[in-house]
Amino acid sequence: MQQDGKLRLDKWLWAARFFKTRGLDKAAIEGGKVQCQGERCKPSKEIRVGDRLQVRQGFDVRDVDVLVLSEQRRGAPEAQALYAETDDSISRREAAIAQRKALGAGGLISEHRPNKKQRRQIHRFRDERNAPSDD
């Protein structure tokens, strides 16, 4: 672990376990999902201790401060010691998670057509709702 100096952004993201492979973190950086000091950057950008990164992973956006530079990928507890997530970022993520949970399955949109079993369930549900009540 380095305390001073510079390190490539893609190597640090990989070592900090934000992405599983260097190829994935390179694609994320080039796709604008990672910003350094509020600006888009390249995978070869040299970061220093104290830089603030914004990392988007799926629905979540994390604002992290770089505490330690490391080229080696180690266990998760050691990787989490490389950065500190800001309090504001943690609260925003938790609020977003709670909102997604509140939506439940109603917020999900399927990417494919329902299969035979799912179509039967849909028809059964519709028939139950449209059936005249005996009251």
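The values are calculated or read from the model by the stated rules, or taken from the named source; none is laboratory data. Everything numeric in this text was worked out from a predicted model, so none of it was measured. Because the Cβ atoms are built from the backbone with ideal geometry, glycine has one as well, and the counts that use them run over all protein chains shown. Please note that ligands, DNA and RNA were not included when accessible areas were found on the heavy atoms of the full protein model with its side chains. Shrake-Rupley method; radii C 1.70, N 1.55, O 1.52, S 1.80 Å.
Quick notes on this structure:
- Number of positions in region 118-135 that are among the hydrophobic types (A, V, I, L, M, F, W, C) and at pLDDT below 85: 1
- For region 5-23, residues that are out of contact with any strand residue (DSSP E or B) (no Cβ under 6 Å at 6 or more places or on another chain), more than 16 Å from K33 (Cβ to Cβ) and open to solvent by less than 50 Å² (accessible area, probe 1.4 Å) total 2.
- A single entry from R126, R48, R113 fulfils the requirement of being surrounded by fewer than 10 Cβ atoms within 10 Å (Cβ to Cβ) and at negative phi: R113.
- Test for K33: is it surrounded by 14 or more Cβ atoms within 10 Å (Cβ to Cβ), closer than 22 Å to L7 by Cα and in contact with a Cys (Cβ under 9 Å, 6 or more places away or on another chain): no
- Looking across region 54-101, the residues that are hydroxyl-bearing (S, T, Y), surrounded by 12 or more Cβ atoms within 10 Å (Cβ to Cβ) and without any contact (Cβ under 8 Å) to a residue 40 or more places away in the chain come down to T86, S89.
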